[in-house]
Amino acid sequence: MQEKNRLQFKALAAMTLDGRIARHQGEFTNWTSAEDKVHLHRELDASDVIIVGSTTYEAAHTPLSTRRCIVLTRRVTDTKQENELLVYLNPENVDPVTYCQEKGYRVVAVLGGTETYTYFFNRDLIDELYLTIEPVTFGEGLPLHTATEGKRQPQLVSAKKLNNRGSLLLHYIYAA
């Protein structure tokens, strides 16, 4: 599935039944199930680094502050190393793929939000998608992504019922 020594990008997301990842920008995902959080932490533990947008990072600063993160933002010119775990990167001036390769990362978790997912899906960089569907509706809010340029199509690997409420974990791969 993956070439040896190639970066692997896996998107991790939770979505409502009406296709929203949040009600508004900056919302913390406290609406997801405990089972989804267990899955999320397991995948993050297996990743070398997390890539996240600045608004998502600000919303989830406390839990993310103990993990190695690359925060995509236009607020820096190229990169700004905040501390040993946190770097801010402007994807308009520094390619996140090249940056991750130079740092020796192999498994990169992409955590959102919408703009970050769109960036990676538009460039066909996502290799795997773990998507939890939670049995709630928002009526309005932010979509997973607005990508239109990606060429690779997802293939469903597995679908797992996480709990009696009906939370579902879908695992897709994106073939070359």
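Think of the range 33-142 as a dipole: +1 on every Lys or Arg Cβ, -1 on every Asp or Glu Cβ, centred on the Cα centre; then among Phe138, Ser47, Asn122, Ser47 lies furthest on the positive end. Spatially close Lys pairs in the chain, defined by Cα atoms under 26 Å apart and a spacing of eight or more places or different chains, total 11.
Here the chain carries DSSP beta bridges of which approximately 45% are antiparallel, counting only pairs with both residues inside. Per residue, the chain exposes 53 Å² of accessible surface when a 1.4 Å probe is rolled over the protein heavy atoms with every protein chain present.
Taking the protein heavy atoms of the range 41-90 in the context of the full set of protein chains, the accessible area attributed to carbon and sulfur is 44 percent at 1.4 Å. The HN-Hα couplings worked out from phi for the range 171-176 by the Karplus form 6.51 cos²θ - 1.76 cosθ + 1.60 (θ = phi - 60°) are 10, 10, 10, 10, 6, 5 Hz, whole numbers, x standing for Gly and Pro. Restricting the trypsin sites (Lys or Arg not before Pro) of the range 69-129 to loop positions (DSSP other than H, G, I, E, B) with no more than 12 neighbouring Cβ atoms within 10 Å leaves Arg74, Arg75.
Across the range 154-159, rounded Karplus estimates of 3J(HN,Hα) from the backbone phi angles (6.51 cos²θ - 1.76 cosθ + 1.60, θ = phi - 60°) give x, 10, 6, 9, 7, 9 Hz, Gly and Pro being marked x.
Listed values (1) 27.4, 79; (2) 15.5, 47; (3) 19.6, 60 include one computed from this model; for Rg and Dmax of the Cα atoms in Å that value carries the label (2). Dividing the summed -39500 (n - 2.57) terms of all DSSP H runs of n ≥ 4 by the residue count of the chain sets its mean residue ellipticity at 222 nm at -6000 deg cm²/dmol.
Which of Val52, Val38, Val97 moves most in a GNM of the chain, Cα contacts under 10 Å? In this elastic network of the chain, the residue with the biggest mean-square fluctuation among Val52, Val38, Val97 is Val38. For the range 72-133, the Cβ-based charge dipole about the Cα centre amounts to some 120 debye (Lys, Arg positive; Asp, Glu negative; other atoms uncharged).
For a paramagnetic label modelled on Val94 (point 7 Å from Cα along Cα→Cβ), amide N atoms under 19 Å away belong, within the range 54-74, to 54-58, 65-74.
Do any GluC sites (Glu not before Pro) in the range 87-125 lie in a loop, going by DSSP, with at most 15 other beta-carbon atoms within 10 Å of their beta carbon, and if so which? Qualifying residues, ordered by number: Glu92.
The values are calculated or read from the model by the stated rules, or taken from the named source; none is laboratory data. Here the structure is a predicted model, which is why all the values come from computation and not from measurement. All Cβ positions, even for glycine, are placed from backbone atoms using ideal geometry, and neighbour counts span all protein chains on display. Only protein heavy atoms, including side chains, enter the accessible area calculation; ligands, DNA and RNA are left aside. Shrake-Rupley method; radii C 1.70, N 1.55, O 1.52, S 1.80 Å.
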